[in-house]
Every structure is written in C-alpha cells, then in structure tokens.
C-alpha cells in the first residue's frame, strides 16, 4: 500500500514543517553503562553478558564513570548547561529485548540541557539548531524474528534474543522543535545529523557508525498551515539508518502528511518505520492504550552531582571542535570558502585534518581524500568516513611516496590493498612486493637491457639530447612493472650512456 | 548431640577453633535436628547436607593444618533466606515463578559467608518475594512458629527466625524491607537486626523494594548477631548504595554492653507506638523492659515522632511502587516459569499468563497497587506524597537523635497470630509492621531483642532498639546490656525455653 | 475516598502484564479500594515545601571505572531459559516493535 503524496513545492506553499530530531548514540566506552561487560560489536550471542545486563534477579547497576564524563563532554560541546544534580529514572514497559522490563534512563533530570549546534548548509549559510537536552540511558538487546519473511516481525513464528547490546551506554540528544526551516527542512535534518556526527567523532566518544547502529536517528515531523503558530500532530519515524535516509524520510513525511491534510484527513500521532529501499515510511501497529511509563527515580543508583571543578576540568579536555577546525583549516591551508565547503560537504575535512595530524602535508592529504578516495566512495556507495582506511594509514602511504619507496601508481595499489582489508600499508607493500626497486644492481641490468634494445636512442642521448632519456626510463619502468625508482633509473641511464 | 545445637554461635566457634569439637560434628548435629523438627516447622525450602558437611570438613582440615580460622564464625552452621542468590542451591524467593531456578552467581552476602568459612546448610522459607508478615504467602506452604505450631513465625523471614528459634541453626541471614527480620525475631524470641541501609550489600538480594531492602543477621544472642553482622557487612563496589566505610564496631559494642552498664545512655520511648491496637501483654512486657533499661543506668525519656503515624501508609505506597518495577523482569522469557507457550500465543500473552500463574495473590495485589501509585495522574498524590512523608520521618529521627542516643518501642503491636487469621485481611496483616517501618523509610539501624513472654498468651515479645544511621553499634550495646539483665532476672535466655519440638513432632 | 472500578483494575493488570481472572477483578477492585483509602492518609501531610526523599542514604556520584569484568559464559547466561536456539533465548513471537 503506497500512501498518496503531495508535490513537495505544494507542501511548502501550504504548510510550514516543524522538525524534532532525536539522535541516539552508542558510546564507545570499554564497558557497558551499568556493568563491566565489554562494549563490543559482533561477538557470538549472549557472550558479553552478566547478571546485571541480563536483568537476573538480585543484580544491581553501577554507573560507568567514563560514560558520565562522555555525556558531560557532549553536553559541553553542544553549549548545554550541565545539571548540578540529576538522577536516573526507570521507564517501565514490557518488551522482550529489555531484560528488566524497564529501561534505566534519565527522564526529567537530564545531565545536559539547553544547548545549540550551528549547522552549515550546502550554500554556506549557517542554521542554528537549538538543543533541548542530552541524557544518558541504556541500549536494549537485539531480537531476531524467525519464520517470517526477511526476518520481519510480522508473520514470524518466534523470536530469538541476544543481550550482548543490552546495557550499552547511549546518549540521546534531543533538539527543540526546529521551525522556519521551510524548503530546507530535509537538508537541515541531514546537515544537523552530519554535524552532530562530526562533533561526536571529534570528541572521540563514539564510533558514530549509522550503518552499524551506533548512531540512530528518530525524525519527528509535523506540518502546520502557513501562517499558523500551532504545531500540527507529529509522527516519529524510526529506523533511519543513514544521513541520506534522514533527508529522504523527512521529505517523504512532509509530502505524505501534506496529502493527508489536504484531503481533509487527520495525522495520527504514531511511530512510523522508514523503508530504506523504497524511501517510504509505514505505520507501526497502533497502541491500544496510551503509554504510561510510570517513571520514578531509580533507587539502585545514587544521584549525580557534578561539581563546578569537575565540569571545568572536562571543559578543558574538549578537543578542537568541527567549526573551530573549519576556521583553522581555512587559514592554515589557505582554502577559499568554496573549497572549504566542498571538503565539508564531502565529509573530508576531519579526515584530512587527522591525516595532517598524522604527519602528512596538507596538500597531499587533501588530494588523497577528495580525489582517489572520494572516487572509491562513489563506487562503493558509502560515506568517506566509512571507508575501511584510517587517516593514519593514508598518512603512511603519503610518507612512503615522499620517501621514494612508492610511486603514485603503486601508492594507489597500496590504498586498494588497505581498502580490501589486506592490512596496514607496509603489510600490503610487503605482501605484493610493491616497493619501488632502488637496488642499483637490478636497475643497472634493466637499463643496460633497455639501452641495448634501442641503440638509436642511446646515441641521441650521447649526442646531448638528454630529453631522449625519458624513453629509456619509460621502457625500464614498463619492464619492472612500475616498481622502479624513476629518478634513480634516469641517473643510471645518463651514467651508463656516458660511460 | 542435642546439646551442641543449644550452644550459641560464639561458643560453637570457640570450641571448633580450639579443636575440641569438629565443624563436621557441629554441622551433623544441626542437620539431625533439622531432620527431626523441620517436618513440623517447615523452615527450610532447600537443604544441602553434603555441601554443608564438605564446607565443614574444609574448615576442620584448615584448622588441623594449623591455618587460622577464616573468620570468628568459621565452621558455624547458618541458613540463608531464599532471597539471596546461591550458585549451588536453588533461589526461589518463595515464589512459584522461580521454582527450581539456579542462579549463575552468588550474592555478595553468600560470597562473604563462604569466604568466612561459615557452613551454609540451606535456604529458608519466606513470604513470596518478601511480601508479607507471616510467611503464609510462600508458594511452598507456611512455616510454623516453634513456640506454638498453630501460629505464624512472622514474616517475611519466618523461615530464618523459626530455624534459629528451633535450634535448627544458630545463625541465619534475613532481609528487612519493612520489618521482615525484626518482626519474625520478635514473635519467635530471637535477635534480629536491620543494619543501616547500605551497610550490607544488596548485590544478589532479589529486590522487593530497592530503597528499603536490607540484609541482616538473625541469631539467639546479641553477640552472635554482631559476629554475623561483621561477616556479612561492609562496602561492596557492586552495590551503588553500599556505604564505603568500615562496619560499625558491633562486636565490640555487644561485648561492652554485656558488662551491664548503660550509665549515661539516653533512651527515648517513642510515644506514637502504644495504646489502641497494641496487645496489653506486649505493652506490659515493653514497660518491664524499659524499667530494666532504667535500672541499667539509662536515662529514659519520652520522645514524640509525629510523622511516624504516616509511616505505614507511606510504606505501602513506596514498597509496592518499587516492587511493581522490580518484579517486571519475571516474565518467563529468560529464566523461571513460562506458561501458555503453545507456539501460537504471542510473547505478550505468554508473559501475562506466566505472571498470572507465577505470582500469588499478595504479590499481584502489591504490583497493582504500585502500578496505580506510579500511574500518570496519581503519582503526585501517592508516590510523590509518600516520598515527602519519608523526608518528614527522617527529620523526626534526626530531631529525636539530638535528644537521645537510641529510641525504643515494642517491635510489633501483638505476639504471633494464628495461621490463617489475617490472610484475607491485608490491612490487618500490614499492621504487623507498624513499629518497624520508620527505620526502613529513614535507612537507620534497628534491631529486635527478646523481651520475655507476653503475660496474656505466653508468647515472645520483642524490644525494638533504633539507632542513627551508621551507629548500629549503639543499638547493639543497649540490646546486649538489656539481654544480660533480662536473662539474669528471668533465670536464663528466653530462647532456651522454646518447646521441645522433637517431642511435639513425634 | 478513591474508588477503583473493575475497568481500572483491568487497565492496571494490562500495564502490569497480569492475565487476571474475572474473580480477581472483583477481589482486587474491593481490596485495592480499601488499601488506597487507608494509604491516602499520606495526603493529609501538608508538604508543599517538603522535598521528596528517593534514597535513604545521602550518597552521590558513585561510579565504576570503565574496566571490563568477567561476566557469564553463554551457557551460564542461557542456563535458566525455558527455550534456547543458536545461543539465543527463544521466546514466542513478538507482536510489535517496541
């Protein structure tokens, strides 16, 4: 069943969209939120569990101090106030992926409130998104639905539960209603999530991998008639698993809601699910009764009361944040606004900066990320940051080229090897024998062979036409499969001809 | 061999450590006693004689090698309320939903007991999930009071109290959420202590009401209770509410109190706990106890704690609210009972059927009461208001402890009631905890020490001694002094006057 | 005085996931009403300026170092389960996303 959609331009003529974005981020702490189980991804089911995260009778939570500090640093980076006193609450509802049948979460006492995030759009303008709060909570386990089509919940005969993820620390960042976005609402939604991702990455608190679920976005969308100041009924779209999907989901909901409202219908406050393949949203089963989560303060955890000194100490640990980095990159790398924007849009800025931090010259770092590696993202359909290569690895390749150990052509082959997960650059070089040949004995033999094969060219060089040496160098390079050090070959050619 | 079971834990430990007797002999004597009397009492839900004898043998082996005893209680038998997890024994909490459940981990209390060389003989009966004041709410049948088998042993820890009173074990561990250690101790003539909240780790204690639950000792003498308190107490990094401070010097206080001098100690009699609804024989025994404290040199004054009148209603909002959430996990998905899984019903339906079948009426009643009190629209009037009453009770205690060192009251308004007498009247049942609840709400230390027999029915009465948080030792000192004076005046410990159940059993 | 209808008891039972019987609806409706009437006395306390107490001990800022601690093996984790499959807890079909 496909919903009727209103033309996007017509939606904008008749309505103002209001957005609210809730982003869940899994922290990359060593352990879970309330127990000492490892916070790792992809291990066999129910192997990263203990009495606490399995919700066994009698087990108790103890709060991970690093998770609290991460939450506070996120709050500070988002210009939030840090609550002088806050608690966890229990959100009570039954669901099999939640071992205790309540989620331990900060409900009305979040650790960080009232912040903002300046978001740069593709035209270079800046839109400031107001942040309502950032609070701590725990992730749920994962359910696998068996017997239905494609592992979907509907039609399944039973479900299987793995609690490795249960209790993984989550930070939920919630915006205030985003008004006045107009036609740019979908773009702003995407740009906001992008900016938040970059910020969290700069803080080093999360992997922020949307494809792996370590960053998840719920998009609340409503429409109000133009000129009105009363918000319409909103829907909450879940399962939005990529930056591109954020934009598509918001746009789809705007068009769908526009059509419903225009036909005299009513928007139902509901949870909808984004279908990645079709780019559409669909309604979840309606709840028979309104939710009543019966929140109350978590008695098994004591309040958190961050001192001013603690907050100041954490503030001092904040790294250079994305917008600060952008300003510095512009001046230090001598970029134009347009060049900077292209780098930002490509998601390359932080990667280049990290590559520079790893010792590479800015120009080379930029060149690698915006050209060769960007081409790889296109063919693979992933974001630059999701390529399986790190800035440090790129910097190493650049260093090998600078040392003369690799030619540019070989360097690309080494990068291909790293992307194919064959190992570190040096391992790829060794495994494939890609190092430039600088061994004089081997090169001398190759040059002698090439000169013997082309005596006319040898004569030209002897006659003073040094440019003719290029042909011999080329022949040697071809013969060595591109692995020869061209500079050294040229020296040998000239030396041998004049000998 | 019967004589061995009549000794105190301190005496047993001294003889075992001196190698006059072996821990195995002591354990065997107690196991024999259990075999003889438990069919009549039903204090135990689970016994593990081989494991107990093996643990005892290990203590004996160590002593024979010349190793110092692992603790002052090494080799002494003990029973654990079936609400603490034990890796080698089932943990049922008196509930059908956990029938046969074997936890994959030990509670911190269990771990400390093992490390101390204490011989764990089994798990004791209790009201389901510690909800009740009579042990009649156990899914496995009631425990009987050794003083009168037609009467309840109190609750929820009736099994632990009855086992100690009937000489099945010299020591037991209980938990006290609203009086579940002290009230059973009072009605069985034993010593029961609720330590300061946070004094004994709750890790592995299956939660009823997290902000009130506290594990503590049950014994026949104040000194034995103190010795056990020091074994199970202390900081536990696995419990966020555990107090990071040394255990109060309760053994030293019990020994000091036994010298029988309370000169300079100020004792406050709580004026709210008396009058209508209190059994005359209980009030008489309490008055005699207070005059003994005076004779020991204590200055006795009356102290009013007006908010205590609201403690019972506040408790019956807070505890059910927390329990409604704590017991949500018993849904048959990961462990325990599952009912109605016919391959067609949904998880939601199976959960509801499982919970309906797995919980008894009192547990369901409290879950629904708590669900109501936390619901949108009722929270402020019920749960929120109860938490404010809690503040007022803490303030009343604080004001009282400005004037006196300890507060005293009867532990319970009545002696042990008859089995079946209050099961259909929840409110009457709830009144059993009237005097014990304030200390749970405020988190301070409190104990019950035997105060003779009621002159109207000849059943045991308890004297409750309440002390400020972290001043558990004060309560022990007063109780130990009182114990010596009472035993002296009445010609021996009350506990020794319990009927001989082996005769009754035959 | 609070009154509790059968419908309210049914609603509470749904929230608490208890498949109560018809007889229990009647029983609990009358018992809850009696109990609530009794505990409603907490409302008599004038407490506008009294802060609520959620924790009896005044501790704050109790944290754990971010260091792994051995947990359970898969076999231990699943040891109490009614049914398992492929290292996971097997449960009846789930009707809806959470």
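The values are calculated or read from the model by the stated rules, or taken from the named source; none is laboratory data. Just so it is clear, the model here is predicted, and its values are computed rather than measured. Neighbour counts run over all protein chains shown; Cβ positions are idealised from the backbone, glycine included.
Annotations
- Residue A:265 in the same structural domain as residue A:196 (by TED's automatic domain parsing), closer than 15 Å to residue A:180 by Cα and more than 27 Å from the chain's Cα centre (by Cα): no
- Every residue from the range A:440-486 that is in contact (Cβ under 8 Å) with a residue 60 or more places away in the chain and not in a helix (DSSP H, G or I): A:482, A:483, A:485
- Filtered by the rule that a residue be surrounded by fewer than 16 Cβ atoms within 10 Å (Cβ to Cβ) and more than 7 Å from every other protein chain (Cβ to nearest Cβ), the range C:28-60 gives C:30, C:37, C:44, C:46, C:48, C:49, C:58.
- Flag if residue A:394 is part of a helix (DSSP H, G or I), under 21 Å from residue A:348 (Cβ atoms) and in contact with a helix residue (DSSP H, G or I) (Cβ under 9 Å, 6 or more places away or on another chain): yes
- Residue under evaluation residue B:258, criteria (1) free of Cβ contacts under 8 Å to residues at least 24 places away in the same chain; (2) more than 14 Å from chain C (Cβ to nearest Cβ), criterion not met: (1)
- Top-ranked residue of the range A:387-417 - restricted to ones that are surrounded by 16 or more Cβ atoms within 10 Å (Cβ to Cβ) and in contact (Cβ under 8 Å) with a residue 60 or more places away in the chain, ranked as nearest to the chain's Cα centre (by Cα): A:410
- Scanning the range C:61-78 for any residue that is surrounded by 15 or more Cβ atoms within 10 Å (Cβ to Cβ), more than 9 Å from chain B (Cβ to nearest Cβ), free of Cβ contacts under 8 Å to residues at least 40 places away in the same chain and part of a helix (DSSP H, G or I) turns up at least one such residue.
- Annotation: residue B:316 fulfils all but one of (1) within 30 Å of residue C:33 (Cβ to Cβ); (2) within 14 Å of another protein chain (Cβ to nearest Cβ); (3) surrounded by fewer than 19 Cβ atoms within 10 Å (Cβ to Cβ); the unmet one is (3).
- For residue B:276, the criteria (1) out of contact with any helix residue (DSSP H, G or I) (no Cβ under 9 Å at 6 or more places or on another chain); (2) free of Cβ contacts under 8 Å to residues at least 24 places away in the same chain; (3) more than 23 Å from residue B:422 (Cβ to Cβ) hold in every case but one, which is (3).
- Verdict on residue B:331 being assigned to a loop (DSSP other than H, G, I, E, B), within 11 Å of chain C (Cβ to nearest Cβ) and at negative phi: yes
- Test result for residue A:166, surrounded by 23 or more Cβ atoms within 10 Å (Cβ to Cβ), within 14 Å of another protein chain (Cβ to nearest Cβ) and within 30 Å of residue A:102 (Cβ to Cβ): yes
Yes/no per residue for (1) within 11 Å of chain C (Cβ to nearest Cβ); (2) at pLDDT below 95:
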| position | (1), (2) |
| --- | --- |
| B:335 | yes, no |
| B:349 | yes, no |
| B:363 | yes, no |
| B:367 | yes, no |
| B:370 | yes, no |
| B:378 | yes, yes |
| B:391 | yes, no |
| B:404 | no, no |
| B:416 | no, no |
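- Every residue from the range A:49-69 that is more than 7 Å from chain C (Cβ to nearest Cβ), more than 18 Å from residue B:102 (Cβ to Cβ) and touching a strand residue (DSSP E or B) at 6+ places or on another chain (Cβ under 6 Å): A:67
- Scanning the range B:216-231 for any residue that is within 14 Å of chain A (Cβ to nearest Cβ) and modelled with pLDDT of 95 or more turns up nothing.
- Subset tally (residues that are part of a loop (DSSP other than H, G, I, E, B) and at pLDDT 95 or above) for the range C:9-55: 6
- Within the range B:96-121, the set of residues being in contact (Cβ under 8 Å) with a residue 40 or more places away in the chain and at positive phi comprises B:117 only.
- Members of the range B:443-492 found to be on the phi > 0 side of the Ramachandran plot and surrounded by fewer than 20 Cβ atoms within 10 Å (Cβ to Cβ), listed by number: B:458, B:491, B:492
- Verdict on residue B:390 being buried (at least 24 other Cβ atoms within 10 Å of the Cβ), assigned to a helix (DSSP H, G or I) and touching a helix residue (DSSP H, G or I) at 6+ places or on another chain (Cβ under 8 Å): yes
- Matching residues in the range B:232-249 - criterion: being at negative phi, over 16 Å from the mean Cα position of the chain (by Cα) and more than 14 Å from chain C (Cβ to nearest Cβ): B:246, B:247, B:248, B:249
- Looking only at the range B:461-481, and only at residues there that are under 26 Å from residue B:497 (Cα atoms) and touching a strand residue (DSSP E or B) at 6+ places or on another chain (Cβ under 6 Å), the one that is farthest from the other protein chains (Cβ to nearest Cβ): B:461
- Residues that are in contact with a strand residue (DSSP E or B) (Cβ under 8 Å, 6 or more places away or on another chain) and crowded, with 21+ Cβ neighbours inside 10 Å, drawn from the range A:169-187: A:169, A:170, A:171, A:173, A:175, A:178, A:185
- Among the residues of the range A:91-106, those identified as out of contact with any helix residue (DSSP H, G or I) (no Cβ under 8 Å at 6 or more places or on another chain) and not in a loop (DSSP other than H, G, I, E, B) are A:91, A:103, A:104, A:105.
- Helices (runs of 4 or more DSSP H) fully within the range B:431-506 counting 1 or more residues that are within 15 Å of residue B:223 (Cβ to Cβ), more than 20 Å from the chain's Cα centre (by Cα) and in contact (Cβ under 8 Å) with a residue 40 or more places away in the chain: B:472-490
- Exactly one residue out of A:94, A:127 is more than 10 Å from every other protein chain (Cβ to nearest Cβ) and surrounded by fewer than 24 Cβ atoms within 10 Å (Cβ to Cβ): that is A:127.
- Residue check for residue B:247: over 30 Å from residue B:231 (Cβ atoms), in contact with a helix residue (DSSP H, G or I) (Cβ under 9 Å, 6 or more places away or on another chain) and in contact (Cβ under 8 Å) with a residue 12 or more places away in the chain: no
- Candidate set from the range B:80-105 (those that are within 23 Å of residue B:235 (Cα to Cα) and touching a helix residue (DSSP H, G or I) at 6+ places or on another chain (Cβ under 7 Å)); member that is surrounded by the most Cβ atoms within 10 Å (Cβ to Cβ): B:83
- So residue B:254, is it surrounded by 17 or more Cβ atoms within 10 Å (Cβ to Cβ), modelled with pLDDT of 95 or more, assigned to a helix (DSSP H, G or I) and touching a helix residue (DSSP H, G or I) at 6+ places or on another chain (Cβ under 9 Å): yes
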